[in-house]
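The values are calculated or read from the model by the stated rules, or taken from the named source; none is laboratory data. Because the structure is a prediction, the values reported are computed rather than measured. Note that each Cβ is placed from the backbone with ideal geometry, even for glycine, and that neighbours are counted across all protein chains shown. Only protein heavy atoms, including side chains, enter the accessible area calculation; ligands, DNA and RNA are left aside. Shrake-Rupley method; radii C 1.70, N 1.55, O 1.52, S 1.80 Å.
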Amino acid sequence: MAVVREESTWRCSPLSPAALNSLTAAEHELRALRSTGAVFGLLDVDDEFFIVLRPAPTGSRLLLSDATAAIDYDIAADVLETLNVEIPDIDPDELDDVEPWEEGDLGVLADLGLPEPVLSVILAETDLYPDEQLGMIAQRLGFANELSAVLDKLPR
């Protein structure tokens, strides 16, 4: 999902399926939106983890909700590579026994009204699905209705 804030108005629009597989594709789509306000992407990958992607002229700001996802998902591995963080050395058979942890910029949405400590609490709710965590982010920032309206129109 692409999220744009211009002045006090939020706008959400779906990204292509390619954005869930390629960090480069997601960045390209978000940069193409060309807004005077804030632009960021919320990528819910297979209901396993999410990525917050915020393109900037000096490079994208990134947050990966679960670093262990890099073992099974190329896009998560790409995020860690961009962040200069090594892919966790965990046996894939033991993933279910490992508590997930985030990597990246917890302040990625702070200037929009979601402080690092609040985002940290949302990420700590590991019993929630990524879409529920993203819903909490949307609620906190004030675009939950816009997000729901777009999600309701997407094919399931």
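Miscellaneous remarks
- Cut-off 9 Å between beta-carbons: net charge of the residues surrounding Leu83, Lys and Arg +1, Asp and Glu -1: -3
- Near Ala138: Cβ cut-off under 12 Å, other residues only, Lys/Arg at +1 and Asp/Glu at -1. The net charge is -2.
- In order along the range 3-19, phi translates into HN-Hα couplings of 10, 10, 10, 10, 6, 10, 10, 9, 9, 10, 8, x, 8, 6, x, 4, 5 Hz, rounded to whole numbers, per the Karplus curve 6.51 cos²θ - 1.76 cosθ + 1.60 with θ = phi - 60° and x for Gly and Pro.
- More than 17 angstrom apart: percent of Cα pairs within the range 46-110: 38 percent
- Two-decimal ratio, the range 1-99, of alpha-carbon radius of gyration to 2.2 N^0.38 Å: 1.14
- Rg and Dmax of the range 27-78, both derived from C-alpha coordinates alone, stand at 11.8, 37 Å.
- Among Gly135, Gly113, Gly41, the largest mean-square fluctuation in a Gaussian network model of the chain (Cα springs under 10 Å) belongs to Gly113.
- Percent accessible area from carbon and sulfur atoms, the chain, protein chains only, probe 1.4 Å: 46 percent
- For Glu6, net neighbour charge (Lys/Arg +1, Asp/Glu -1) across residues whose Cβ lies under 13 Å away: +1
- Relative contact order, percent, the chain [alpha-carbon distance under 8 Å, six or more residues apart]: 19 percent
- Excluding ligands, DNA and RNA, the accessible surface per residue across the chain is 55 Å² with a 1.4 Å probe.
- Alpha-carbon centroid distance for the pair the range 90-149 / the range 30-60, whole angstrom: 14 Å
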